[in-house]
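To keep things clear, I will list the structure first and then write my remarks on it.
The values are calculated or read from the model by the stated rules, or taken from the named source; none is laboratory data. Not measured: the values here are computed from a predicted model. Here the Cβ positions follow ideal geometry from the backbone for every residue, glycine too, while neighbour counts run over all protein chains shown.
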Amino acid sequence: MSTGWINVILTKEYINTVSDTISVEEGQVAKLMLEAYLDIETTGLSPIYGDITVVGIYLTDGSYHKFIHLVGEEVTRGNLLEALQGVGIIYTYNGSRFDLPFINICLDVDLTKDFEHHDLMLDCWRNNLYGGLKAVEIQLEINRQLKGVDGLEAIRLWWRYRINNDQDALAMLLKYNEEDAVNLKTLKEMLEIN
């Protein structure tokens, strides 16, 4: 089981981002627990007949921010576990029923065994917010730069990229996935989940 902590040697750049909240010195070793906001794109709704095309992971501890995309052949068990190194908790939207089971079947890794998982959809339901992530974003007025892209369009974008090497389609797919993952953090904050 992951401890959820990652040792880092603190740099001046990092110290400047957290100096208001903690007292640290350059070169000091600190343990950080990262949060991961995870979203996947697939070729369909069934992990038996479909594949994972993109895994998007937004890593943060409040001051440190990093986005990781695993695309196509990069979507492997090893790459996913490496990307999640130092993570204490994974946030998803409908991840209990879609993302994590899909990952478990396609990559043979049960992320709930190594990480705490929090499905924000269940918090939305408790707050009378229903529908998919985009519907909840509209209800809460969470902004999205890409308009009109949904899961079905994500599948189309993937195939345009794979069949025609359409780099614009891939760029749009990755932007869509990134917005999904980053907006999970915004959703968590709006729901006041600690």
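For VAL149, are the conditions met, namely being out of contact with any His (no Cβ under 8 Å at 6 or more places or on another chain) and more than 22 Å from VAL71 (Cα to Cα)? Walk me through it before giving the result.
Details: out of contact with any His (no Cβ under 8 Å at 6 or more places or on another chain): yes; more than 22 Å from VAL71 (Cα to Cα): no.
Spelling it out, it is not the case that VAL149 is out of contact with any His (no Cβ under 8 Å at 6 or more places or on another chain) and more than 22 Å from VAL71 (Cα to Cα).
Of the residues LEU122, LEU129, only one is part of a loop (DSSP other than H, G, I, E, B), modelled with pLDDT of 95 or more and farther than 19 Å from THR53 by Cα; which? Can you show your working first?
Numbers: LEU122 fails: part of a loop (DSSP other than H, G, I, E, B).
So the residue among LEU122, LEU129 that is part of a loop (DSSP other than H, G, I, E, B), modelled with pLDDT of 95 or more and farther than 19 Å from THR53 by Cα is LEU129.
Taking each residue of region 102-114 that is among the hydroxyl-bearing types (Ser, Thr, Tyr) and looking for partners that are surrounded by 14 or more Cβ atoms within 10 Å (Cβ to Cβ) and not in a helix (DSSP H, G or I) with beta-carbon atoms closer than 9 Å, six or more apart or interchain, yields THR112/ILE90; THR112/SER96. I want to confirm something. Restricting to region 138-152 and keeping residues that are assigned to a helix (DSSP H, G or I) and of a type outside the set (A, V, I, L, M), which single residue is surrounded by the most Cβ atoms within 10 Å (Cβ to Cβ)? Looking at the filtered set, the residue picked out is GLY151.
Name the single residue, out of those in region 30-40 being surrounded by 15 or more Cβ atoms within 10 Å (Cβ to Cβ) and over 22 Å from GLN167 (Cβ atoms), that is farthest from the chain's Cα centre (by Cα).
Step one: filter region 30-40 for residues surrounded by 15 or more Cβ atoms within 10 Å (Cβ to Cβ), giving 30, 32, 34-40.
Still in the list and also over 22 Å from GLN167 (Cβ atoms): 30, 32, 34-38.
Values: ALA30: 24, LEU32: 18, LEU34: 12, GLU35: 9, ALA36: 6, TYR37: 3, LEU38: 2 Å.
Of everything passing the filter in region 30-40, ALA30 is farthest from the chain's Cα centre (by Cα).
Are any of the residues in region 10-28 at pLDDT 95 or above and more than 30 Å from ARG162 (Cα to Cα)? First the steps, then the outcome.
Filtering region 10-28 down to residues at pLDDT 95 or above leaves none.
No - not one qualifying residue is present in region 10-28.
Scanning region 174-194 for residues that are farther than 14 Å from ASN143 by Cβ and over 14 Å from the mean Cα position of the chain (by Cα) yields a count of 4.
The single residue among ALA169, ALA135, ALA181 that is assigned to a helix (DSSP H, G or I), without any contact (Cβ under 8 Å) to a residue 24 or more places away in the chain and surrounded by 15 or more Cβ atoms within 10 Å (Cβ to Cβ) turns out to be ALA169. Within the option set ILE155, ILE103, being surrounded by 19 or more Cβ atoms within 10 Å (Cβ to Cβ), closer than 25 Å to SER46 by Cβ and either of a type in the set (Val, Ile, Thr) or touching a Cys at 6+ places or on another chain (Cβ under 7 Å) (or both) holds for one residue only, ILE103.
Being more than 16 Å from the chain's Cα centre (by Cα) and among the polar types (S, T, N, Q) narrows it down to one of ASN128, ASN79, ASN94, so name that one.
Working: ASN79 fails: more than 16 Å from the chain's Cα centre (by Cα); ASN94 fails: more than 16 Å from the chain's Cα centre (by Cα).
Testing whether each residue is more than 16 Å from the chain's Cα centre (by Cα) and among the polar types (S, T, N, Q) leaves just ASN128.
Among the numbered conditions (1) closer than 20 Å to GLY50 by Cα; (2) polar (S, T, N, Q); (3) in contact with a Lys or Arg (Cβ under 9 Å, 6 or more places away or on another chain), the only one that ASN104 does not meet is (3).
Counting only residues that are of a type in the set (Asp, Glu) and touching a residue at least 12 places away in the same chain (Cβ under 8 Å), which one in region 41-73 is surrounded by the fewest Cβ atoms within 10 Å (Cβ to Cβ)? The selected residue is ASP51.
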